[in-house]
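*Asks:* To start, I am sharing the structure in question, which I have written as structure tokens.
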Amino acid sequence: AFAQTSLTPATPWGTWFIGTVQVPGGERRWGGFAEVQARSNALFRQIFYNELKGGISYDLDKNFTLTLAGGRYATYDFRDLSAGPLNTEGRLWQQLVINQFLARLRFEHRYRVEQRWFTFRDGTHPFRNRIRYRLNAFLPLNGKSIAPGTAFLSVFDEIFLNPKGPVFERNRLYAGVGYQASARWVLQAGWVNQTNYNPAKFEQGVFTPQLASGKNNLVMTVTYRLSPRKAVQRENLPSQPD
């Protein structure tokens, strides 16, 4: 196995920094979030990507939530940030989240439809649609639920689908540990592998198989929840909006 030559050479680990402010739906059912994110090509250096996004949500009940959100996404060459972004993306999405509780296990099913407008440095402006599904599982370690003072494990896998094909575009796998310090603050750290898939091709008698390029990243997340102090506190799953 070690004698084989990899078609995709090993790449250094990157870093994702995520800061989120959330407004839980609560008794009035309306909520929302705002988030800033930065990603680096290597551990804690070579920043090349950022996101600014936010949205509003509505709780159909405690286990079903609808969200309408949007954001701006920009990708740079980390070796020449002053040259401006290689591309920017404006994104709008509609989302349904369904929560399930099984003894101490908590499951989150997230269904998302995205509309994406790109602006590339060469002046082109393509438009793309995308569908995403994420299954997220949480396990509290020192209690029966995720509440202030609770440490927990979080694992999720998310698939990204292109309606025009090739259908399977990307896979994102995450595993991490978190701590809900209070009703307002949640800290998480973990690993995420993001793999992009290029379609197989047959052109001029030459077959090119499907290629996959992936990268491992350290993810560090801080979440702050805004809610009235006298509001009835219910269990909110510490999922990442991204």
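The values are calculated or read from the model by the stated rules, or taken from the named source; none is laboratory data. The structure presented is a predicted model; accordingly, all values stated were derived computationally and were not measured. Neighbour counts run over all protein chains shown; Cβ positions are idealised from the backbone, glycine included. Remember, those area values only see protein heavy atoms, side chains included, never the ligands or the DNA or RNA. Shrake-Rupley method; radii C 1.70, N 1.55, O 1.52, S 1.80 Å.
*Asks:* Tell me, what is the percent relative contact order of the chain, built from C-alpha pairs under 8 Å that lie six or more residues apart?
*Replies:* Dividing the mean separation by the residue count of the chain yields 16 percent.
*Asks:* Another question, then. Please identify the longest segment of the chain free of exposed trypsin sites (Lys or Arg not before Pro), where exposed means a DSSP state other than H, G, I, E or B and no more than 11 other Cβ atoms within 10 Å.
*Replies:* 1-78
*Asks:* Using Stokes-Einstein with the Kirkwood hydrodynamic radius over Cα pairs, what translational diffusion coefficient do you get for region 8-55 at 10 °C and a viscosity of 1.306 mPa s, in µm²/s rounded to a whole number?
*Replies:* Using the Kirkwood radius from Cα pairs, D works out to 125 µm²/s.
*Asks:* Could I ask something else about it? Kindly sort 77, 61 by accessible area of their heavy atoms, largest first, with the probe set to 1.4 Å.
*Replies:* Descending accessible area places them as 61, 77.
*Asks:* So for the chain, taking the charge dipole from beta-carbon charges (+1 Lys/Arg, -1 Asp/Glu), which of 118, 226, 161 sits furthest toward the positive end?
*Replies:* With unit charges placed on the Cβ atoms, the residue in question is 226.
*Asks:* What fraction, in whole percent, of alpha-carbon pairs in region 160-201 exceed 15 Å separation?
*Replies:* Taking all Cα-Cα pairs of region 160-201, the fraction more than 15 Å apart is 59 percent.
*Asks:* For every other residue with a beta carbon closer than 15 angstrom to the beta carbon of residue 118, add +1 if it is Lys or Arg and -1 if Asp or Glu, then tell me the sum.
*Replies:* Computed value for this residue: +2.
*Asks:* For region 35-99, with the dipole built from +1 on Lys and Arg beta-carbon atoms and -1 on Asp and Glu ones, taken about the Cα centre, which of 55, 84, 98 lies farthest toward the positive end?
*Replies:* 84
*Asks:* Next question. About the Cα centre of the chain, how large is the charge dipole given +1 on each Lys and Arg Cβ and -1 on each Asp and Glu Cβ? Please answer in debye to the nearest 20. Walk me through the numbers on the way to the answer.
*Replies:* Values: 30 positive and 17 negative charges, 111 e Å.
Its charge dipole is roughly 540 debye.
*Asks:* Computed on alpha carbon atoms, what radius of gyration and Dmax characterise the chain, expressed in Å?
*Replies:* 19.5, 70
*Asks:* Excluding residue 71 itself, calculate the net charge of residues whose Cβ lies under 9 Å from the Cβ of residue 71, where each Lys or Arg counts +1 and each Asp or Glu counts -1.
*Replies:* Neighbour charge sum, excluding residue 71 itself: 0.
*Asks:* Based on alpha-carbon atoms only, what is the radius of gyration of region 56-167 relative to the globular estimate 2.2 N^0.38 Å?
*Replies:* That ratio works out to 1.39.
*Asks:* Also, I was wondering about something else. For region 110-182, how big is Rg over Rh, using alpha carbon atoms and the Kirkwood form of Rh?
*Replies:* Result for region 110-182 is an Rg/Rh of 1.19.
*Asks:* Treating the beta-carbon of each Lys and Arg as +1 and of each Asp and Glu as -1, no other charges, what is the dipole magnitude of region 46-98 about its Cα centre, to the nearest 20 debye?
*Replies:* In total the dipole reaches around 40 debye.
*Asks:* Return one quarter of the surface area of the convex hull spanned by the alpha-carbon atoms of region 16-113, equal to its mean projected area, in nm².
*Replies:* Details: hull surface 31.7 nm².
Spelled out: convex hull of the Cα atoms, projected over all directions, averaged, 7.9 nm².
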